[in-house]
Amino acid sequence: MKIAVLGATGLLGHHTARAIRAAGHELVLIHHPASRIERLGYLDPELHSAELFDHSQLSRALADLDGVVFCSDDAPTRHRRWQDAVASALDETNHFYAACLSAHVPRILHVGASVALPRHPDGERGHEGLFYDEMPRWKNPYLLCKWALDRQAREQARAGLPVVIGIPGMALGEFDAGPSSGRLITAIASGAMSRYVEGQRNVIDAGEAGRGLLLALEKGRAGERYLITGTNIEMAELTAHIARLLEVAAPTPMPLAVARGMAALQRLRQRMSGEALKIDPTSIAAMAGGQFLDGAKAAAELGFQAEVALDDTLRRAIRWFGENGYL
């Protein structure tokens, strides 16, 4: 198969590209002209430069493919109104889906996020059948972007586009150049994260997440969600484990309301001084929306089962961050 990835410079995109290569497929990377795509040169990909908002350019880049994985990072990088963040994210993906339709792409994978699922009403593990009855009440830009994009992907599938939705747990691992989710590790290492919000998480090795997302593209049914899961773990245990491996003091718990208050104060400070946010809306949403996840559907339909132990994932991620100057 000839499979393209959009967003390959991000953590999940990079590992999905590696999984595509490891499975013996032809790899195409569709990238923004200014992106640092040279980091993935070792995968010997076919490179297509295209702007998301240039329909003809993007349609040409998507031509003659067997599938495409869209893992562009739509997390708000600065504080903005939730309406603006959602409109911007949907505008980008609308252009992407229109180009896929024009290029007759036979398989499309939208990479979503578990925060788009409401918590299980009975406190059980979250699954693919959980949906918000209406727009989430909490007007967090990151949460609403992920909710809106999940809804849009399902609408596109109902309209006839072959869109599958892959939703990995919190991915940790090498090649997190942002860092993105790996900020959990770098912030504990630096002491910037001395507190955490208690809750439940599902953590998956980033390489395993890439392998699971490829399986979702290859075998998933259009319009269906697939949770790509790893280890269910309490935040207290996860942060303590990371701190032990780093040989630093473990963070202590704090209420979510306090974290939200701190974030609001930091946004005010940012407006006045331009200081970067230490607790951003994305982090708050991830802390508030965490839950254990059930990967039974991906196991049954895709044959996916995570095989890498959490301890191995954390040790490799810490080693990579250390070797690349993040610690």
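Highest mean packing comes first when the peptides 300-310, 22-32, 218-228, 169-179 are listed by Cβ atoms within 10 Å, giving 169-179, 218-228, 22-32, 300-310. D by Stokes-Einstein for the chain, Kirkwood Rh over Cα pairs, 37 °C, 0.692 mPa s: 163 µm²/s. Put in order of Cβ neighbour count within 10 Å, fewest first, the listed residues Lys2, Lys146 become Lys2, Lys146. A cut-off of 5 Å between modelled amide H atoms, ignoring neighbours fewer than 5 places along the same chain, links Val164 with Ile108, Leu109, His110, Gly223. The alpha carbon gyration tensor of region 1-144 gives principal lengths a ≥ b ≥ c with a/c of 1.5 or higher and a/b greater than b/c, which makes the shape prolate.
The phi-based Karplus calculation (6.51 cos²θ - 1.76 cosθ + 1.60; θ = phi - 60°) puts the 3J(HN,Hα) values of region 196-209 at 9, 9, 5, x, 10, 9, 10, 10, 10, 4, 4, x, 5, 4 Hz, whole numbers, x for Gly and Pro.
About its Cα centre, the dipole of the chain is roughly 820 debye, where the only charges are +1 on Lys and Arg Cβ and -1 on Asp and Glu Cβ. Over the C-alpha atoms of region 19-73, the Rg to Rh ratio, Rh being the Kirkwood estimate, stands at 0.94.
Using a Gaussian network model of the chain in which every pair of alpha carbons under 10 angstrom is joined by a spring, one finds that among Ala116, Ala103, Ala34 the greatest mean-square fluctuation is at Ala34. Rounded if a/c is under 1.5, else prolate if a/b is larger than b/c, else oblate: which is region 173-267, with a ≥ b ≥ c the root eigenvalues of its Cα gyration tensor? Cα axes put region 173-267 in the prolate bin.
Between the alpha-carbon centres of region 183-204 and region 230-257 there is a gap of 6 Å. The count of lysine pairs in the chain with alpha-carbon distances below 22 Å, taking only pairs 8 or more places apart or on different chains, stands at 5. Note on Cys71, Cys100: ascending count of other Cβ atoms within 10 Å places them as Cys100, Cys71, the fewest first.
Each value in this text was obtained by applying a stated rule to the coordinates, not by laboratory testing. Note that the structure is a prediction, hence the values are computed from the model and not measured. Note that we place each Cβ from the backbone using ideal geometry, even for glycine, and neighbour counts take in every protein chain shown.
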